[in-house]
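Here's the structure, in structure tokens; my notes come after.
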Amino acid sequence: MPAQSIPPIGRRSDDVIIAPDGSEVRLLLTDAHGATRCSVVEVSIGAGEASRPVRHRTVEEAWYVIEGEGEVWRRPPDHAVAEASPIRVSGGDALVIPTGWAFQFRALPEAGLRFICVTMPPWPGTEEAVEVAEGGPWPPTL
């Protein structure tokens with residue numbers, strides 16, 4: 001049996017990636033760090049900004065809010081936009097974006113919003129996110 005190497009430590013990337021929803025993403029853990037069943041990133045948007053509404057084809061996400069205050073709108077497949085109400089989030093809150101659910105988020109005007117996002121399985125690329133025609137409750141600003 002071959003010896004298994006110890007995965008390297010991840011560190012917040014200085015490089016910013018713009019996600020399909022318009023938010024800023026910084027890589028934390030990827031396959032380069034030995035993550036084979038998930039990926040971990042830091043997501044942020046500025047004060048008063050709202051993402052574009054999207055849904056994911058194959059991944060589930062778990063979010064943990066680090067700082068700021070905002071709102072998150074999540075809609076199950078086959079539900080009307082009006083059936084989904086936004087929830088308020090702030091530092092210390094955690095939530096799930098199930099596979100196939102439409103979602104949108106925004107930061108309140110007083111401060112930006114920053115959260116850790118774990119994607120399972122690992123994020124496959126920008127084609128994973130699909131724009132939602134009947135979108136969330138806010139006009140996107142990103």
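The values are calculated or read from the model by the stated rules, or taken from the named source; none is laboratory data. Quick caveat, the model's predicted, so the values are computed rather than measured. FYI the Cβ positions are ideal-geometry reconstructions off the backbone, even for glycines, and counts take in every protein chain you see. Please note that ligands, DNA and RNA were not included when accessible areas were found on the heavy atoms of the full protein model with its side chains. Shrake-Rupley method; radii C 1.70, N 1.55, O 1.52, S 1.80 Å.
The candidate values are (i) 19.0; (ii) 15.6; (iii) 17.5; the one derived from this structure for Kirkwood radius over Cα pairs in Å carries the label (ii). Does the stretch 18-93 come out rounded, prolate or oblate, given a ≥ b ≥ c as the square roots of the eigenvalues of its C-alpha gyration tensor, rounded meaning a/c under 1.5 and, failing that, prolate meaning a/b above b/c? Oblate.
Put a plus charge on the Cβ of each Lys and Arg, a minus charge on the Cβ of each Asp and Glu, and nothing anywhere else: the dipole of the chain about its Cα centre is then about 240 debye.
What percentage of the solvent-accessible surface of the chain, computed with a 1.4 Å probe over protein heavy atoms, is contributed by carbon and sulfur atoms? All intermediate terms of the calculation are to be shown ahead of the outcome.
Details: 4270 of 8030 Å².
Of all accessible area on the chain, carbon and sulfur atoms account for 53 percent.
When you count the other C-beta atoms within 10 angstrom of each residue and take the mean per peptide, 24-35, 59-70, 102-113 line up highest first as 102-113, 59-70, 24-35. Accessible surface calculations at 1.4 Å, restricted to protein heavy atoms, place the stretch 27-142 at 50 Å² per residue.
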